[in-house]
Amino acid sequence: MGRLLAQKSGRYFLDADALIESAQGRAIASIFNEEGEAYFRELERESARWMAECVRGSIISTGGGMPLVVERLHDIGVVVYLKLPFEKILERISPEERAKRPLFHDLAEAKRLFERREKIYEAQAQITVDADRPAGEIVEKIMSSDGTLRQGHHASKV
Ligand SMILES: Nc1ncnc2c1ncn2[C@@H]1O[C@H](COP(=O)(O)OP(=O)(O)OP(=O)(O)O)[C@@H](O)[C@H]1O
Ligand SMILES: O=C(O)C1=C[C@@H](O)[C@@H](O)[C@H](O)C1
């Protein structure tokens with residue numbers, strides 16, 4: 001969704017998980033296995049500080065835990081919550097994809113985690129979009145909720 005929104009709004013797209021992986025030279029699953037979750041969360045906080053200071057005019061997708069570990073996500077930019085019930089999320093993720101997500105191995109535990117997080121996602125977001133609809137519609141909703149996205153911002157400093 002972030003990539004599509006970036007294309008439609010003429011911006012660059014950044015994936016916070018991919019930033020951490022490239023800085024570390026290893027996959028998130030390896031960071032969790034080799035260093036533990038607390039270490040990964042510190043890397044997330046560090047990447048958030050960098051993004052707040054240095055990234056402008058871009059679309060960023062955060063990891064699912066970032067809204068919990070970064071107190072004011074809005075310091076980075078406008079926060080969009082793509083809202084979907086747990087069961088629908090599950091339908092969209094293949095077993096191979098789940099295997100890459102350390103906190104998605106145990107389904108019951110993942111559901112509990114999701115239920116605890118939902119309130120925080122709502123509280124951190126400036127825009128909440130029902131994501132149970134086609135991708136094009138989601139992007140339209142986001143763009144009509146944030147007028148600045150229509151302007152196009154490659155390499156902009158605002
Ligand atoms: N609006 C949609 N309708 C149907 N399927 C969708 C929609 N949006 C995404 N999907 C599908 O859901 C799956 C997961 O999507 P995606 O990888 O974009 O999730 P994500 O939020 O980026 O996950 P993460 O940030 O945790 O990696 C993909 O197979 C994708 O094609
Ligand atoms: O929801 C989470 O806590 C996570 C989501 C992924 O995007 C990764 O950031 C990592 O697997 C942790």
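The values are calculated or read from the model by the stated rules, or taken from the named source; none is laboratory data. Just so we're clear, the structure is a prediction, and the values are computed from it rather than from any experiment. With ideal geometry, Cβ positions are generated from the backbone for all residues, glycine too; neighbour counts draw on all protein chains shown.
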query: Which one of GLU53, GLU44, GLU34, GLU21 is at pLDDT 95 or above, acidic (Asp, Glu), outside the structural domain of GLN124 (by TED's automatic domain parsing) and buried (at least 18 other Cβ atoms within 10 Å of the Cβ)?
result: GLU44
query: touching a residue at least 12 places away in the same chain (Cβ under 8 Å), of a type in the set (D, E, K, R) and not assigned by TED's automatic domain parsing to the domain that holds LEU14: does that describe LYS83?
result: yes
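Could you count how many residues in the range 1-17 are within 16 Å of ligand 2 (Cβ to nearest atom), in a helix (DSSP H, G or I) and more than 10 Å from the chain's Cα centre (by Cα)?
1
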- prompt: If you check every pair at least six apart or on different chains, which have Cβ atoms under 6 Å apart with a residue in the range 18-32 that is touching a residue at least 24 places away in the same chain (Cβ under 8 Å) first and a residue that is near ligand 2 (Cβ under 8 Å from one of its atoms) and not in a helix (DSSP H, G or I) second?
  reply: ALA29/LYS100
query: What tally of residues in the range 12-63 results from selecting those that are among the aromatic types (Phe, Trp, Tyr) and farther than 30 Å from THR148 by Cβ?
result: 3
query: What are the residue pairs meeting all of these: first residue in the range 59-74, first residue closer than 20 Å to GLU115 by Cα and touching a residue at least 24 places away in the same chain (Cβ under 8 Å), second residue part of a loop (DSSP other than H, G, I, E, B) and of a type in the set (A, V, I, L, M, F, W, C), Cβ atoms under 8 Å, and 6 or more apart or on different chains?
result: PRO67/VAL79; VAL70/ILE76; LEU73/VAL79
